[in-house]
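Written below as C-alpha cells is the structure these notes are about.
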Ligand SMILES: [Cu+2]
C-alpha cells in the first residue's frame with residue numbers, strides 16, 4: 001500500500017515534470033565555410049535578457065589582401081533559407097527581414113532602417129586582417145529572436161559572409177532543442193514560414209512522460 005501511494009505521487013510528479021520540461025530554444029550556432037574551406041567562422045546565438053548575444057569566433061581566411069572593398073570589410077547576414085548542395089550560398093535567398101525593411105542602407109543608430117538579419121549593417125563589417133584571422137568578439141542584438149513571430153524564427157536560416165557583395169562563405173543555423181516536424185507536415189522555408197520549437201517541446205515532454213511512467217510501472221510491480 002505504501003508503495004502504491006508512493007507510486008501515485010511519483011506518477012503525478014512525473015506528469016508535472018513532463019508539463020514543465022519543455023525545452024526553451026535559447027542557443028544556436030552556424031559554422032560558416034567557403035566551398036574550398038579557406039574561409040571559416042563560427043557564429044553562436046544565445047538568448048539573453050534584451051535580445052540575442054552573438055559571438056563571432058574561429059574566423060580565418062578573411063584577409064585584407066583578399067578584401068575587395070578596402071574600406072568596407074566583409075559583410076555578413078542571417079539569410080532566410082538553408083545552404084544548398086555543394087555549399088551553394090546562393091540557395092540561402094535574401095536577408096532575414098520580417099519587417100520588410102528592404103535592402104536600403106542600414107543606419108545602426110536607427111534600427112528600424114535595418115533588416116533584422118543585417119548583422120554587419122547593425123554591428124559593423126568584418127575587417128580583413130593580414131593573417132585572415134579575426135579575434136573572437138561578441139555583441140548584443142536586440143532584434144533577433146528564436147521564437148518571436150514578428151522577428152521570424154531562426155530555425156531553418158543560415159549565415160552568409162560576403163566580399164563586396166559576393167557570397168564567399170555560408171553555413172546553416174542550427175538551433176539546439178529544435179526537432180523538425182514530421183515529413184509531410186506543412187512547414188515551408190520562406191520568410192513567412194513559422195516553424196517553431198513546439199514539436200520539439202512536445203517530443204521532449206512525451207519522452208520525459210514515458211520515462212516517468214516506466215518508473216511508476218516498475219514501482220507497481222515491485223509493490224505487488
Ligand atoms: Cu548576406
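Output the residues belonging to the range 47-66 that are touching a strand residue (DSSP E or B) at 6+ places or on another chain (Cβ under 8 Å), away from the ligand (no atom under 16 Å from the Cβ) and not in a strand (DSSP E or B). 50, 61, 64, 66, listed by residue number. Of the residues 113, 120, which is without any contact (Cβ under 8 Å) to a residue 40 or more places away in the chain and assigned by TED's automatic domain parsing to the domain that holds residue 75? Of the residues listed, the single one that is without any contact (Cβ under 8 Å) to a residue 40 or more places away in the chain and assigned by TED's automatic domain parsing to the domain that holds residue 75 is 113.
If the Cβ limit is 8 Å and pairs must be 6+ apart or interchain, which residue in the range 77-106 that is without any contact (Cβ under 8 Å) to a residue 60 or more places away in the chain pairs with which residue that is more than 12 Å from the ligand (Cβ to nearest atom) and part of a strand (DSSP E or B)? If the second residue must be more than 12 Å from the ligand (Cβ to nearest atom) and part of a strand (DSSP E or B), the pairs left are 91/84. Somewhere in the range 21-35, is a residue at pLDDT below 90, exposed (fewer than 15 other Cβ atoms within 10 Å of the Cβ) and within 16 Å of the ligand (Cβ to nearest atom)? No, the range 21-35 contains no residue that is at pLDDT below 90, exposed (fewer than 15 other Cβ atoms within 10 Å of the Cβ) and within 16 Å of the ligand (Cβ to nearest atom).
The values are calculated or read from the model by the stated rules, or taken from the named source; none is laboratory data. A quick note: this is a predicted structure, and the numbers were derived from the prediction, not measured. Quick reminder, even Gly has a Cβ in these numbers, built from the backbone with ideal geometry, and neighbours come from all protein chains shown.
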